[in-house]
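This report refers to the structure that appears directly beneath it.
The values are calculated or read from the model by the stated rules, or taken from the named source; none is laboratory data. Note that the coordinates shown come from a computational prediction; the quantities given were computed from them, not determined experimentally. Neighbour counts are summed over all protein chains in view; Cβ atoms, including those assigned to glycine, are modelled from backbone coordinates with ideal geometry. All accessible areas refer to the heavy atoms of the entire protein, side chains included, with ligands and DNA or RNA removed. Shrake-Rupley method; radii C 1.70, N 1.55, O 1.52, S 1.80 Å.
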Amino acid sequence: MRSFGSEVGRPGVPELAEWLKGKTGTEVDLTTYRLERSLDAQDGVSIPAAGGLFYAERLREVFTSMKNGVLIDEPGVEPAAVTADALFVRGRCKDARIALPAPHIMGFRDNYIGDREEFAETISDLYAGLMRDMRDQGLAGHVLIADTPEVIELERLAGRKVLFFPRNPTRFDIELLLEYQDSLILPATDLDRLPDLMERFRLRKLILLNPEEGDVVAATGIVDADSLEVGGYCADTACPDYWKRLLDRAFIPR
């Protein structure tokens, strides 16, 4: 089973203080706490992804020449914090990915470059560099949580180790996404779309999102079980229960 991220809210002071007692001698912060809790909730998930939309807070820290999300000078990044996150997550689970918001979700604006397309390309290239730096620390890969399929982002960021995840697949242009990645992330409620998509695109893998009882068996009637995975994304505060319930439904018959 594969995760596309697991959100974690801000803890209260007592909870964070108790957690810090076990981190003596280790440089950690609030984002580290949320990454760990995100990963802990996914106990039993074979391909977990620490992080989620909350990781935007870390990204805002590392993009330089930004003021309140507006680029005001020569763009750049300071990758030390994200590479430390990669080492931390890799130390907890060697197969884990990190999920982060795709560039368009960050809401960055330009007051320096003066060209919309060039600005989007610049931010995407900086993202690509940050993710490479994280993978250089041994991180297995990334999930980019997306609202819309932005062509510049897809062209520059989609790849074997970077998977775009449409968090609202029913309102997402899946067909455009499949021009750039060969893993289809499909809500189980949309399984009837699969035959048509298989005819039109070369799909390496089907990742069935949030299946209910019987959905996985139904999917194996259309695709080979070896090409099928179950996936999930937890967007609320009951993530441990969410992942446990999903694991109970994730059995793929052979």
query = Out of the range 123-138, which residues are assigned to a helix (DSSP H, G or I) and open to solvent by 30 Å² or more (accessible area, probe 1.4 Å)?
reply = Asp125, Leu126, Arg132, Asp133, Arg135
task = Being under 24 Å from Gln42 (Cβ atoms), assigned to a helix (DSSP H, G or I) and either charged (D, E, K, R) or within 17 Å of the chain's Cα centre (by Cα) (or both) is the filter here, so list the residues in the range 88-105 that pass it.
result = Phe88, Val89, Arg90, Arg92, Ile105
Selection from the range 124-133 of residues that are within 14 Å of the chain's Cα centre (by Cα) and either within 12 Å of Asp85 (Cα to Cα) or of a type in the set (Asp, Glu) (or both) = Met131
key: Unmet criterion (only one of (1) within 20 Å of Lys205 (Cβ to Cβ); (2) in contact (Cβ under 8 Å) with a residue 24 or more places away in the chain; (3) surrounded by fewer than 17 Cβ atoms within 10 Å (Cβ to Cβ)) for Ile113   = (1)
task = With the condition kept exactly as written, say whether any residue in the range 214-223 is in contact (Cβ under 8 Å) with a residue 40 or more places away in the chain and of a type outside the set (Ser, Thr, Tyr).
result = no
ask   = What do you reckon, is Gly5 of a type outside the set (A, V, I, L, M, F, W, C) and either over 29 Å from Lys205 (Cβ atoms) or over 14 Å from the mean Cα position of the chain (by Cα) (or both)?
value = no
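Take residues that are more than 22 Å from the chain's Cα centre (by Cα) and over 23 Å from Val143 (Cα atoms) and tell me which of the helices (runs of 4 or more DSSP H) falling wholly in the range 194-254 contain 2 or more.
Details: elements: 194-200, 215-220, 239-248.
Those helices (runs of 4 or more DSSP H) span 194-200, 215-220.
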task = Considering (1) assigned to a strand (DSSP E or B); (2) in contact with a helix residue (DSSP H, G or I) (Cβ under 7 Å, 6 or more places away or on another chain), say which one Arg156 fails and leave the rest.
result = (1)
ask   = Consider Asp43 against the criteria (1) of a type outside the set (A, V, I, L, M); (2) closer than 24 Å to Glu229 by Cα; (3) open to solvent by less than 30 Å² (accessible area, probe 1.4 Å): it satisfies all of them except one. Which criterion is unmet?
value = (3)
query = If Thr170 satisfies every condition in (1) in contact with an Asp or Glu (Cβ under 8 Å, 6 or more places away or on another chain); (2) open to solvent by 80 Å² or more (accessible area, probe 1.4 Å); (3) part of a loop (DSSP other than H, G, I, E, B) but one, which is the exception?
reply = (3)
task = From the list Glu179, Glu175, pick out the single residue that is open to solvent by 40 Å² or more (accessible area, probe 1.4 Å), in a loop (DSSP other than H, G, I, E, B) and out of contact with any Ser or Thr (no Cβ under 6 Å at 6 or more places or on another chain).
result = Glu179
ask   = surrounded by 20 or more Cβ atoms within 10 Å (Cβ to Cβ) and among the small types (Gly, Ala, Ser) - does that describe any residue in the range 72-94?
value = yes
task = Would you list the strands (runs of 3 or more DSSP E) that sit entirely within the range 1-77 and hold 3 or more residues that are modelled with pLDDT of 95 or more and within 18 Å of Thr237 (Cα to Cα)?
result = 2-6, 49-51
ask   = Looking at the range 201-254, which of its residues are out of contact with any Gly (no Cβ under 9 Å at 6 or more places or on another chain), open to solvent by 40 Å² or more (accessible area, probe 1.4 Å), of a type in the set (A, V, I, L, M, F, W, C) and under 27 Å from Arg34 (Cβ atoms)?
value = Ala238
